[in-house]
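Below: the structure, in structure tokens.
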């Protein structure tokens, strides 16, 4: 809650609490995994309800709160009167409350082996903290560039989560659990910048699906957005009897 100092226990103590509970309910484990994998680990109760198979947001609130209450009792940690706050911090910038998973909880899930720590990030989307500066080369399996999570968040907030090349939406294809997932691509190749620079998330970044992102970088190149759009258009003209493009 706003104005509450974060005095949450260390991740290792959350590990002990989860282990003390024993076998978690399937719905509770699904909620934790969905929350961990969400962009910036922030979700609404409505999104959580869909991921856990509940029809109403208040069911998600109740179930996540029950888990939070059990964990809080084991930790001796109840930061507010809302049990869910044992697991999250909350903010309400719009109509719905936003739940952001506490970093100690996220780390405990990693230590327990309950989540995949790579979180489906491709080598050219290595996330780092800090101001919106990008350009420092780091070594993964290929040369990659630092990617800033706040720049990604602002890009998605401005441009949405549909691929700007093919229109693909994860949520429409796979349901609520995949809602909001998308890659973010630099329109301006960082290899041409020659150093760190301040990113404009609206001008410099575009949301793209993993398939289109792969083609943008295929063969070690950094193709332009329009070039990949043209490749798709040419392929569809060459196959007039192919099934209609779901993005059209």
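Starting with the fewest neighbours, write out 222, 164, 209 ranked by other beta-carbon atoms found within 10 Å of each beta-carbon.
Fewest-to-most Cβ neighbours within 10 Å comes out as 222, 164, 209.
Label positions at residue 203 and residue 92, each projected 7 Å from the Cα along the C-beta direction, are separated by 3.7 nm. Sorted fewest first by neighbouring Cβ atoms within 10 angstrom, 20, 59 come out as 20, 59.
If neighbour count is taken as other Cβ atoms inside 10 Å, put 156, 165 in order from fewest to most.
In order of increasing Cβ crowding within 10 Å: 156, 165.
Spin-label model, residue 111/residue 237: points 7 Å from Cα along the beta carbon direction are separated by 5.9 nm.
Rule-based calculations on the coordinates, nothing more; no lab input. Only a predicted model underlies this, so the values are computations on that prediction, with no experimental measurement involved. Using ideal geometry, Cβ is built from the backbone for each residue, glycine included, and neighbour counts are taken over all protein chains shown.
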